[in-house]
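**Student:** Quick one: the structure is below, questions incoming.
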Amino acid sequence: MARPSCPVVMAQGLIEVERKFVTGPETEGRLQELGGTLEHRVTFRDIYYDTPELNLMRTDYWLRQRENSGWELKIPGMAGVSGPHNVYLELTAEPEIVAQLYKVLGAEVLGAEGVAAVLGPLGLQEVASYVTNRSVWKLVLSRADQEELPLRVDLDTADFGYAVGEVEALVHKEAEVPAALEKINKLSSMLGVLAQESAPSKLIVYLQRFRPQDYQCLLEVYGSREKPEGTNDADSGLG
């Protein structure tokens, strides 16, 4: 289960449009040939939390703590987007995250505590933890357009051996999403990614390898429907 492209409504009002793809040893070289610029390399750990029954993931909520970046909760966003796309609101402010956790888990609001303080009371525990080595690239498709924002390409390798890339663009309005998708698909094609090719996220592959019961649980819930973090049946993800 992988998502070829997925608009995500950002907390600050921007819409992030992205597509995951399988990377190879030639990917960085191809980015250089296309005029891409290596922005930086970074290593970080992601830890995902849920209840033992996966009450968050099973209802399309995804709670993550990223090393040196804090907490993030990805929740279902706008409806009515056609095609193989999902839309999610990305919350990073802890009071907002806590409020949403109480709401989705049906718990009594105990106060505006930080996320770490409510993990225990809400029965949330670590379900995945892995380190990612990431190289971040920027590339402008049309050099004639001075106003065009660069596309970002993240090339990730997880510490359990899985490598995946992501092309993403940021836009301000929902009406700009189709054009962003067109640019992303164009760059993906230039990188040698097939039109229907997709890739499962690191989280889904982690669960598949190390927590197969949890992986099976998500497969039973979502079936062939596209979901965040790479959960569709397009390839070897949850399929």
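**Student:** Quick check on Ser198: is it surrounded by 22 or more Cβ atoms within 10 Å (Cβ to Cβ), assigned to a helix (DSSP H, G or I) and out of contact with any helix residue (DSSP H, G or I) (no Cβ under 9 Å at 6 or more places or on another chain)? Steps first, answer last, please.
**Tutor:** Values: surrounded by 22 or more Cβ atoms within 10 Å (Cβ to Cβ): yes; assigned to a helix (DSSP H, G or I): no; out of contact with any helix residue (DSSP H, G or I) (no Cβ under 9 Å at 6 or more places or on another chain): yes.
No.
A quick yes/no check of all residues on (1) modelled with pLDDT of 85 or more; (2) open to solvent by 40 Å² or more (accessible area, probe 1.4 Å):
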site: Leu110; (1), (2): no, yes
site: Gly114; (1), (2): yes, no
site: Gly120; (1), (2): yes, yes
site: Leu151; (1), (2): yes, no
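**Student:** Another question, if that's okay. For region 192-237, give me each residue that is in contact with a Phe, Trp or Tyr (Cβ under 7 Å, 6 or more places away or on another chain) and at pLDDT below 50.
**Tutor:** Correct list: Pro228, Thr231.
**Student:** Has region 44-52 got any residue that is outside any loop (DSSP other than H, G, I, E, B), of a type in the set (Lys, Arg) and at pLDDT 95 or above? Reasoning before the result, please.
**Tutor:** Step one: list which residues in region 44-52 are outside any loop (DSSP other than H, G, I, E, B), which gives 44-50.
Filter once more, keeping what is of a type in the set (Lys, Arg): 45.
Imposing the further condition that a residue be at pLDDT 95 or above reduces the set to 45.
The answer is yes, given that some residue of region 44-52 is outside any loop (DSSP other than H, G, I, E, B), of a type in the set (Lys, Arg) and at pLDDT 95 or above.
**Student:** In addition: Show the residue pairs that are 6+ apart or on different chains and have beta-carbon atoms under 8 Å apart, the first residue being within region 89-111 and touching a residue at least 60 places away in the same chain (Cβ under 8 Å) and part of a loop (DSSP other than H, G, I, E, B), the second being open to solvent by less than 50 Å² (accessible area, probe 1.4 Å) and among the aromatic types (Phe, Trp, Tyr).
**Tutor:** Thr92/Trp71
**Student:** Only residues in region 17-41 that are over 14 Å from Gly165 (Cβ atoms) count as the first member; pair them with residues that are part of a loop (DSSP other than H, G, I, E, B) and of a type outside the set (A, V, I, L, M), Cβ under 8 angstrom, at least 6 apart or cross-chain, and list the lot.
**Tutor:** Partner pairs satisfying both residue conditions: Val17/Ser5; Gly35/Arg143.
The values are calculated or read from the model by the stated rules, or taken from the named source; none is laboratory data. Owing to the predicted nature of the structure, the values given are computational and were not obtained by experimental measurement. Virtual Cβ from ideal backbone geometry, glycine too; neighbours counted across all protein chains shown. For the accessible areas, the whole protein counts, side chains as well, though only heavy atoms, and no ligand, DNA or RNA atoms are used. Shrake-Rupley method; radii C 1.70, N 1.55, O 1.52, S 1.80 Å.
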